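Let me begin by presenting the structure, written as structure tokens, before commenting on it.
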Amino acid sequence: MRPRNAVIAAVQTGPHTLELHEFGRPSVPDDGALLRVEACGLCGTDVAQFDGDHARMGLAGLPCIPGHEPVGLIEEIGPSAAVRWNVAAGDRVAIEPHLSCGVCDACLDGQRNACAVGEHRDVNYGFIGTDVGCGLWGGYSQYMLLDPRTVMHKVSKRLSPATASMFNPIGAGIRWACRAPSTKIGDTVVVLGSGQRGLACVIALRVAGAGMVIVTDLARCSSKLDLALELGADHVVVADEEDVVERVTELTGGRLADVVIDVTAGATKPVTDAIEIVKRGGTIILAGAKEGKAIPGFVSDKVVLKSIRMQGVFAVDSASFREAIRLIESNTGVFARMHSRSYPLADAAQAIQRLSGADGEPPAIHVAIEPWASV
């Protein structure tokens, strides 16, 4: 018989290996809280983590409980934490993944995602080893212990858990497509990639008043391109059937794009395409990691001669998380269409494979783990 206070979690013990383990329910310190995880969204980082790509990503050692996009209910909270976070038991909250130091220049400027210690994944939920403290530091678990450094945001209980768990990708769309490039009303924007964050960019751009939005992806992602059109994209380009540069040039009447956002994972050609399709003085946002690969055909002189602003972005800032949650709460139906499926803890590996398309089917848009579905 399972102990009354046992907590079930999916633990990654090696590449492509997730096992259900039991943990003891931890005591809650004065400055911390216990989160009952309702849902945890998945993204490409979960896929890389599952594949064992720890060396390149600088991930903490295994075993650990993955999951860095959790939303849930405050189960128990210490008195000091309740005052500091302004939340109470029963409140629904979304948890930011980064446990920043709070004292470096970036943190003091409000850019917690650029914290001086942020590149070390042992200060990010979902990447902390189970040998640290109680071990419950990831969203693939029924409960998570919340560190005093946690930043959280209240979320309406009207949303389904799966929809609420989209706060992270939607926050990325807001920051990458609008805030980072300072997109203006009427701008022409090309989004390279139609995954969950590419589609989030489309939604954010429409709210921001972009003029023309063009989305590209491969033919195997045709259903995502169709959804991009439903969500407000003006045109889509099938990158392995059409010449992206020629098509964007044609669609824009030769004016090219004010902003180009690359959210593709692994592919390097979108970077060189971006340089060709952005206008003189335009902005390129690089958000898709390339697995450490060099960019063939990259000519820096083109960046200079076209006066291109090229900026890399990593993760999401607190302001974008707040805007994402308010946006999701105001138009639940739009975001519900992006969610593909939820999985119980026992099927966490299947959920990751569904997101990546490793199961032989076209990649899903958004999937989530719902830890209590397996109980």
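For every residue, the table says whether it meets (1) part of a strand (DSSP E or B); (2) surrounded by 22 or more Cβ atoms within 10 Å (Cβ to Cβ); (3) modelled with pLDDT of 95 or more.
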| residue | (1), (2), (3) |
| --- | --- |
| 119 | no, no, no |
| 127 | no, yes, no |
| 138 | no, yes, yes |
| 163 | no, yes, yes |
| 168 | no, yes, yes |
| 172 | no, yes, yes |
| 176 | no, yes, yes |
| 201 | no, yes, yes |
| 206 | no, no, yes |
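Annotation: of all residues in region 317-334 being among the hydrophobic types (A, V, I, L, M, F, W, C) and in contact with a strand residue (DSSP E or B) (Cβ under 9 Å, 6 or more places away or on another chain), the one that is farthest from residue 262 (Cα to Cα) is 325.
Taking region 208-221 as the range and being part of a helix (DSSP H, G or I) and in contact (Cβ under 8 Å) with a residue 24 or more places away in the chain as the test, the residues that pass are 208, 220, 221.
Could you count how many residues in region 239-260 are assigned to a loop (DSSP other than H, G, I, E, B), under 20 Å from residue 194 (Cα atoms) and more than 26 Å from the chain's Cα centre (by Cα)?
Matching residues across region 239-260 total 5.
Does region 245-253 contain any residue that is touching a residue at least 24 places away in the same chain (Cβ under 8 Å) and in contact with a Lys or Arg (Cβ under 8 Å, 6 or more places away or on another chain)? No, region 245-253 contains no residue that is touching a residue at least 24 places away in the same chain (Cβ under 8 Å) and in contact with a Lys or Arg (Cβ under 8 Å, 6 or more places away or on another chain). If the condition is being modelled with pLDDT of 85 or more and either among the hydrophobic types (A, V, I, L, M, F, W, C) or farther than 16 Å from residue 145 by Cβ (or both), then region 56-71 contributes 62, 63, 64, 65, 69, 71. Reported count of residues in region 274-302, each being within 30 Å of residue 46 (Cα to Cα) and basic (Lys, Arg), is 2. When the test is whether a residue is more than 19 Å from residue 274 (Cα to Cα) and outside the structural domain of residue 233 (by TED's automatic domain parsing), residue 204 does not pass it.
Could you identify the single residue in 282, 288, 297, 254 that is surrounded by fewer than 17 Cβ atoms within 10 Å (Cβ to Cβ) and within 24 Å of residue 182 (Cα to Cα)?
After ruling out the rest, the residue left standing is 254.
Scanning region 72-83 for residues being over 12 Å from residue 146 (Cα atoms) and either among the β-branched types (Val, Ile, Thr) or modelled with pLDDT under 95 (or both) gives a total of 1. Of the helices (runs of 4 or more DSSP H) lying entirely inside region 278-375, those containing at least 1 residues that are modelled with pLDDT of 95 or more are 300-305, 318-330, 348-356. A search for C-beta distances below 8 Å between a residue of region 309-326 that is within 17 Å of residue 95 (Cβ to Cβ) and any residue that is of a type in the set (Phe, Trp, Tyr), counting only pairs 6+ apart in sequence or on different chains, returns 321/167; 324/167; 325/167. Number of residues in region 262-285 that are over 10 Å from residue 310 (Cα atoms) and touching a helix residue (DSSP H, G or I) at 6+ places or on another chain (Cβ under 7 Å) equals 7.
Every condition in (1) in a helix (DSSP H, G or I); (2) more than 30 Å from residue 52 (Cβ to Cβ) holds for residue 236 except the one numbered (1).
The values are calculated or read from the model by the stated rules, or taken from the named source; none is laboratory data. Since the model is a prediction, treat every value here as computed from it, not as a measurement. Every residue, glycine as well, gets a Cβ built from its backbone with ideal geometry; the counts of neighbours run over all protein chains shown.
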